[in-house]
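Everything below concerns the one structure shown next.
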Amino acid sequence: EEKKSALEAGPDINAAFNPKKSELSLEERYRLCASVGEEILSEDRLMELLKKKDNFICYDGFEPSGRMHIAQGLLKAINVNKLTSAGGIFIFWVADWFALLNKKMDGDLAKIQDLGKYFIEIWKAAGMNLENVKFLWASEEINKRADEYWSMVMDISTKNTLKRILRCTQIMGRDDGYELSASQIFYP
């Protein structure tokens, strides 16, 4: 019997995904969207978007890499609910392969994917409404379009110097003195 991957095991995390239009007024939708951010670069553009589209796309991503903190748990659930109530379709990118590249969970992809599913369960327990929420796993999405992904990796790698790429490793919380593995150079 063939062993299932961590993603194939268990219930479908996107089972509740069934996008709905918002029943709120344009002003209420605008107010909810505006309440999520610190500032709005163009209030007119946000209002125009909400007028034109019943549903709009929101993106966020996370690297399953350890314990969830309050802002990542409760505040994320609150803000996602605000945006989806306003008509947003929220796409979460689960950066499982990037957690692997960054040596999270001892570099064990199955553990990383289990942790990603655990995060989703925490958000459900915190009250996140998943009707307008979809989770995409980096490992699955990259494999679906491997030719596009690797062409882009090759393009980036030939157009940038190693020094430039190493400067990008700061997003991983690494400073200049940290000894990087080759996988961590691919991360940015």
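The values are calculated or read from the model by the stated rules, or taken from the named source; none is laboratory data. Note that the coordinates shown come from a computational prediction; the quantities given were computed from them, not determined experimentally. Note that each Cβ is placed from the backbone with ideal geometry, even for glycine, and that neighbours are counted across all protein chains shown.
Scanning segment 77-98 for residues that are under 20 Å from residue 149 (Cβ atoms) and over 12 Å from the mean Cα position of the chain (by Cα) yields a total of 1. Exactly one residue out of 89, 112, 40 is among the β-branched types (Val, Ile, Thr), farther than 19 Å from residue 129 by Cβ and in contact (Cβ under 8 Å) with a residue 40 or more places away in the chain: that is 112. If you filter segment 136-179 down to residues that are modelled with pLDDT under 80 and surrounded by 14 or more Cβ atoms within 10 Å (Cβ to Cβ), you find that the one that is nearest to the chain's Cα centre (by Cα) is 172.
The residues of segment 98-108 that are surrounded by 22 or more Cβ atoms within 10 Å (Cβ to Cβ) and touching a Ser or Thr at 6+ places or on another chain (Cβ under 6 Å) amount to a single one, 99. Taking the conditions (1) in a helix (DSSP H, G or I); (2) surrounded by fewer than 17 Cβ atoms within 10 Å (Cβ to Cβ); (3) in contact (Cβ under 8 Å) with a residue 40 or more places away in the chain in turn, residue 131 satisfies each one other than (1). Right, residue 97: closer than 19 Å to residue 142 by Cα, outside any strand (DSSP E or B) and touching a helix residue (DSSP H, G or I) at 6+ places or on another chain (Cβ under 8 Å) or not? Spelling it out, residue 97 is indeed closer than 19 Å to residue 142 by Cα, outside any strand (DSSP E or B) and touching a helix residue (DSSP H, G or I) at 6+ places or on another chain (Cβ under 8 Å).
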